[in-house]
Structures are given as structure tokens and as C-alpha cells.
Amino acid sequence: MPIIRSATEADAQALLDIYRPFIESTAVSFETEVPSPQQYAARIAKALKAWDWLVAEEDRKCIGYAYATEHRQRAAYRWSVETSAYVNPAYHRRGIGKALYTELFESLRAKGYCNAYAIVTLPNQASIALHESVGFELVGVFRRAGWKFGAWQDVAWLQRVLRDLPPDEQLADAPAT
């Protein structure tokens with residue numbers, strides 16, 4: 001099994017090498033232009049400040065990653081995150097995505113996050129199976145959610161509960177009932 005560690009900004013190019021084919025050749029990512037290594041490094045830095053970004057490494061080579069970002073900007077969403085995972089296709093079906101998500105969920109739970117959401121472009125049975133294997137449940141499908149490669153793309157929304165309640169010190173922010 002690979003080593004799983006926190007990403008660094010220095011990983012940006014290696015992670016882009018994994019991500020690039022998903023942008024350029026598939027509708028898996030709705031990005032249409034590959035970000036620069038500097039832009040990707042900035043994304044990594046931002047994710048590490050509030051959420052997390054993990055890398056799977058084998059023989060000192062990045063072979064996959066998973067991260068969490070803000071789900072929505074409104075304050076009431078602050079305990080929810082959106083997650084993504086990408087694994088180099090040469091390493092698919094080896095449990096790497098599952099291992100990355102398992103560690104990511106532990107980190108997010110420890111930080112007080114309660115809900116994780118994932119968006120999967122359809123059809124993509126392998127990604128749906130990965131997400132279900134780590135506890136995500138389908139909560140809906142957005143039809144015609146994105147336009148890429150000259151066609152409308154549907155997306156599945158999935159949810160996984162990480163913990164029932166936010167940390168006690170934050171409950172003081174809740175309105176009285």
C-alpha cells in the first residue's frame with residue numbers, strides 16, 4: 001500500500017500530471033482548461049489551511065490524491081465540505097482512492113466537519129462504487145448540470161455523514177430553540 005501524507009505546494013506539478021487527462025479527455029472534471037502549477041499550488045495551500053489535501057505516494061511518486069474544500073459560502077454550511085479524489089489510472093482498483101478518503105474523513109472529523117459531499121459526472125460506475133464503498137449515499141442527480149465536449153453532462157450528488165454535531169465550542173453560535 002502506498003504512503004499517504006499531506007500534500008505540499010511543491011506537489012502541484014505531480015498532481016496536475018494526474019489531473020490533466022481528466023480535464024482534457026473526460027467529463028469527469030468540469031474544468032475546461034488545465035490550471036498552471038502556480039494556480040494548483042495556490043489551491044493546495046488554501047485547502048490545507050481549513051480542510052485537508054492528501055497525497056498517495058509510492059516509490060516517491062505521487063499516484064493519487066484526495067482533498068476537501070468549502071461546500072458553500074453561507075455560514076450555516078461551515079460544517080460541510082465538498083470532496084474529490086483522483087488516482088492515476090495505472091493504479092486504479094488497488095484501494096488507493098478508498099485509503100485516501102478514509103484518512104481524509106478522519107482528518108475532517110477531527111477538525112469538526114460533519115458532512116462530506118461529492119459530485120460525480122454520470123455515467124461513471126467506478127467512481128460511484130468508490131464513493132459508496134466509503135459510505136457515501138446518493139442524494140440526487142442534477143440533469144444537464146454542465147456543458148462539456150459539446151454535450152450536456154448529468155451529475156450525481158452524494159453525501160457522507162462524518163459526525164453528528166459540530167464541536168461543542170461552536171454550538172454557542174446556534175440560535176436558541
A 1.4 Å probe over the protein heavy atoms gives the range 105-166 a carbon and sulfur accessible-area percentage of 54
Show me the trypsin sites (Lys or Arg not before Pro) within the range 23-89 that DSSP assigns to loop and that have at most 15 other Cβ atoms within 10 Å of their Cβ.
Arg60, Arg72, Arg74
List the residues of the range 44-59 whose backbone N lies under 14 Å from a point placed 7 Å from the Cα of Arg94 along the Cα-to-Cβ direction.
56-59
Taking N as the residue count of the range 31-99, its alpha carbon Rg divided by 2.2 N^0.38 Å gives 1.25
Can you work out ³J(HN,Hα) from phi for every residue in the range 53-69, in order, using Karplus 6.51 cos²θ - 1.76 cosθ + 1.60 and θ = phi - 60°, giving whole Hz and x for Gly and Pro?
8, 10, 10, 9, 10, 9, 6, 6, 10, 5, 10, x, 7, 9, 8, 10, 9
GNM top mover of Phe30, Phe105, Phe136 - the chain, alpha-carbon springs below 10 Å
Phe30
Which one, Gln73, Gln159, Gln125, has the greatest fluctuation when you compute a Gaussian network model over the chain with C-alpha springs under 10 angstrom?
Gln73
For Cα pairs less than 8 Å apart in space and 6+ apart in sequence, what is the mean separation divided by the residue count of the chain, i.e. the relative contact order in percent?
18
Max mean-square fluctuation residue, GNM over the chain, Cα-Cα springs under 10 Å, options Ala66, Ala90, Ala118
Ala90
Subtracting the Cα-Cα distance from 0.36 nm times the residue separation, let me have the gained length for Gln38 to Arg163 in nm, one decimal.
41.6 nm
Can you show me the helix-derived [θ] at 222 nm for the chain, built from DSSP H runs with n ≥ 4 at -39,500 (n - 2.57) apiece and divided by the number of residues, rounded to the nearest 500.
-9500 deg cm²/dmol
The chain: radius of gyration and largest Cα-Cα distance (Dmax), Å
16.4, 54
Dipole axis of the range 81-142 (+1 Lys, Arg; -1 Asp, Glu on Cβ), positive-most option in Asn115, Gln125, Pro89
Pro89
How large, in Å, is the range 71-171 by the Kirkwood hydrodynamic radius built from its alpha-carbon pairs?
14.8
Residue-normalised value, i.e. accessible area per residue, for the range 84-177 at 1.4 Å probe, in Å², stands at 58
Give me the net charge for the shell around Ile23: Cβ to Cβ below 12 angstrom, other residues only, Lys and Arg +1, Asp and Glu -1.
-2
Taking 8 Å as the Cα distance limit and 6 or more residues as the minimum spacing, I'd like the relative contact order of the range 57-160 as a percentage.
23
Taking a label point 7 Å from the Cα of Ser6 along the Cα→Cβ vector, which residues of the range 89-109 have an amide N closer than 14 Å to it?
104, 107-108
Please list the non-local residues whose amide H lies under 5 Å from the amide H of Asp52, H modeled 1.01 Å from N, same-chain partners needing a gap of 5 or more.
Ala68
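The values are calculated or read from the model by the stated rules, or taken from the named source; none is laboratory data. Everything quoted here is computed from the prediction, not taken from an experiment. So basically every Cβ, Gly included, is an ideal-geometry build from the backbone, and we count neighbours across all protein chains shown. The protein model used for the area step is the full one, side chains on, heavy atoms only, and it has no ligands, DNA or RNA in it. Shrake-Rupley method; radii C 1.70, N 1.55, O 1.52, S 1.80 Å.
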